[in-house]
1. Report the residue count in region 1-13 for those that are surrounded by fewer than 16 Cβ atoms within 10 Å (Cβ to Cβ) and either near the ligand (Cβ under 10 Å from one of its atoms) or among the hydrophobic types (A, V, I, L, M, F, W, C) (or both).
2. Any residue in region 167-180 that's charged (D, E, K, R): show its pairings with residues that are part of a loop (DSSP other than H, G, I, E, B) at Cβ separation under 8 Å, as long as the two are six or more apart or on different chains.
3. What number of residues within region 153-176 are crowded, with 18+ Cβ neighbours inside 10 Å, over 20 Å from His44 (Cα atoms) and near the ligand (Cβ under 9 Å from one of its atoms)?
4. Do we have Pro61 as modelled with pLDDT of 95 or more, within 19 Å of Tyr187 (Cβ to Cβ) and assigned to a loop (DSSP other than H, G, I, E, B) here?
5. So, of the residues in region 138-190 that are hydrophobic (A, V, I, L, M, F, W, C) and in contact with an Asp or Glu (Cβ under 8 Å, 6 or more places away or on another chain), which turns out to be farthest from Arg89 (Cα to Cα)?
6. Looking at region 146-158, which of its residues are closer than 15 Å to Val102 by Cα and either of a type outside the set (Lys, Arg) or touching a Ser or Thr at 6+ places or on another chain (Cβ under 8 Å) (or both)?
7. Tell me yes or no: at least one residue of region 130-142 is within 12 Å of the ligand (Cβ to nearest atom), in a helix (DSSP H, G or I) and either touching a strand residue (DSSP E or B) at 6+ places or on another chain (Cβ under 7 Å) or not hydroxyl-bearing (Ser, Thr, Tyr) (or both).
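The values are calculated or read from the model by the stated rules, or taken from the named source; none is laboratory data. Model, not experiment: these values are computed from the prediction. Cβ atoms come from the backbone with ideal geometry, glycine included; neighbour counts cover every protein chain shown.
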Amino acid sequence: MRLILASASPRRVDLLARIGVVPDEVLPADIDESVPKGELPRDHALRLASEKAEAVATQRPDALVLAADTVVAVGRRILPKVDDEAMLRTCMRLLSGRRHTVLTGVALAAPGQPLRTRLVETMIAMKPLSSEEIDYYASHGEWRGKAGGYALQGYGEVYVRHIAGSYSNVVGLPLAETRNLLKAAGYAIA
Ligand SMILES: Cc1cn([C@H]2C[C@H](O)[C@@H](COP(=O)(O)OP(=O)(O)OP(=O)(O)O)O2)c(=O)[nH]c1=O
């Protein structure tokens, strides 16, 4: 069956390639990603992943549709997807010397079957960040469009002291759980 990746993230295409999966089509979902007041991080990640998959499934009803949503949370607080320097500095100061959680919701729509979802959490501890480090990272630019304002797969890893759980989950798609979802839906995958 055809597989559609409902995502604009090039990282998700690369992660899928690592498990031998090449989507037949990449079709990003256009949905409202704002965070309603009081919504918990895990509920938010699962809801958005589900909405992305369902939105694209209505356009491609005969295909498998895979979608995901990654959020960075400090306790119950969801950090924004960072797209300006002021926001970046606020996030870095918040993450400095603390633990946070990265959560990815994954959803797979299959024709005639109930939507399958998974929620994966990874814990990350960051070292205390100096103002020089925050200045440097602000000039780096790789944080644009990233949840919480850093890229573990890029320079951002130098600020990480400890990580517990799935690495690919942080970058945007947990590989083990995604493979399980695809297998459960009957997709031919090793
Ligand atoms: C924490 C972290 C996030 N990210 C990225 C993964 C996601 O692409 C992004 C979170 O935004 P998402 O909304 O999950 O994804 P997206 O907007 O890139 O793509 P789409 O909604 O179309 O699927 O942050 C990293 O690349 N590295 C990291 O270390």
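1. Matching residues across region 1-13 total 3.
2. Glu177/Ser166; Arg179/Ile19; Arg179/Ile189
3. The qualifying residues number 1.
4. yes
5. Ala151
6. Matches in region 146-158: Ala147, Gly148, Gly149, Tyr150, Ala151, Leu152, Gln153, Gly156, Glu157.
7. no
Residue-by-condition table, conditions (1) assigned to a strand (DSSP E or B); (2) surrounded by fewer than 20 Cβ atoms within 10 Å (Cβ to Cβ); (3) more than 12 Å from the ligand (Cβ to nearest atom):
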| site | (1), (2), (3) |
| --- | --- |
| Gly38 | no, yes, yes |
| Arg42 | no, yes, yes |
| Ala45 | no, no, no |
| Ala49 | no, no, no |
| Lys52 | no, no, no |
| Ala55 | no, yes, no |
| Ala67 | yes, no, no |
| Val71 | yes, no, no |
| Met87 | no, yes, yes |
